Amino acid sequence: MTDNPKKERNRSIRANDEKVIAGYDVILAEVANLLESARRTSARSINAVIAATYWNIGRRIVEFEQGGKLRAEYGKELLKQLSLDLTVKFGRGFSARNLEQMRLFYLGWPISQTLSAKSNQLVLSERFPLPWSHYVKLLAVKNPDARKFYEIEALRNGWTVRQLDRQISTLFYERTALSKNKAAMLEGGGCLSPGESVTPEEEIKDPFVLEFLGLKDEYSESDLEEALIIQLEAFLLELGGDFAFIGRQRRMRIGDEWYRIDLLFFHRKLRCLVVIDLKLGKFTHSDAGQMHLYLNYVRENWTYSDENPPVGLILCAHKDETVAHYSLEGLNNKVLAAEYRMTLPDEKSLAAELQRTRLMLKMRETSCDGRNDEQ
């Protein structure tokens, strides 16, 4: 099975095409470059608009606080009330924590009053060229000189948020300041590690961008994962009326990190949420730890007062073996835990269904490739 069957089919169609257009590769490359450049420009534009908008929101909050000379406790109430009303009107992305970050963003990136008064959204967008996710990371840097250094280097080198986070956590600013060969340090710090480059599509799928645009977040990491999730969703719904589908690829923010839950169901008989996480590799202890983190978040943020604690299901679809594992973290009631075990589908049957689905998808792709080769 190929890593990307779609690309293979496209290659087959072109290889079997009897008409060869002179100079076609040149125009294909030129058009592809134009589209790639346009997508990157679009991604940069939307990221700049988001940062400028959040700076302006922070400015309005600070000005309101100063105008009314609000004490600290009233300031917290302001953010809480704003969060409730903005969430109702615009959806996710406006928690009290997020609004506090916008407030700190305004305070941490001051602009002269003259410029601030005259600045429209376009001018402010030029002032904040990095994505909002980068500024969120920079807010954690308390030293103003270090913060400015990381901002300049991130822009100069095109650092991804992952690389920026790595440079901050490894004290790149302090190491550069102490180094005798600062030029070599700066040159080496700009190198992207394998897997750190970001495509325009991935930039648009950034959780902050999706929240800002009000777009639905249902993106899987690969075609195989997407297909497996869809098949598993159908399988669980076919088990009977107990499983009620809630959503796919549900995103949650824990601290400054983003996580995704592949599938979320509600079990009517158990009256609890069922969190399902799909892994394409082997089952590891870190998978169980991550699920424990998910369940704590879901219990605190998504579970209603009259519902039972959530249950987690980890499905590992490794090519050599398939593992299904329930996580019942947080269930202090042994009777309730036993009921969960009796009511939920057997782990072995789930693993068998996952393996069957994987084989079915592999056969389907092989069949499609064979038909394309015959054409």
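Here, each number is a calculation from the coordinates, and none is a lab measurement. Computed from a predicted structure; not experimentally measured. Cβ: placed from backbone, ideal geometry, glycine included. Neighbour counts: every protein chain shown.
Brief remarks follow.
- Computed from label points 7 Å out along Cα-Cβ, the spacing between Arg162 and Leu280 is 1.4 nm.
- Cross-link pairs exceeding 28 Å in C-alpha to C-alpha distance, out of Lys269/Lys348; Lys80/Lys148; Lys269/Lys362, comprise Lys80/Lys148; Lys269/Lys362.
- Put simply, when 285-295, 249-259 are sorted by average Cβ atoms within 10 angstrom per residue, most first, you get 285-295, 249-259.
- Karplus (6.51, -1.76, 1.60) ³J(HN,Hα), θ = phi - 60°, over the range 156-173, in Hz, Gly and Pro reported as x: 5, 9, x, 4, 6, 5, 5, 6, 4, 4, 5, 5, 5, 5, 9, 6, 4, 4
- Amide H contacts of Trp109 (H built 1.01 Å from N, under 5 Å, at least 5 apart or other chain): none
- Sequence of Phe266, Phe212 once ranked by neighbouring C-beta atoms within 10 Å, starting from the fewest: Phe266, Phe212
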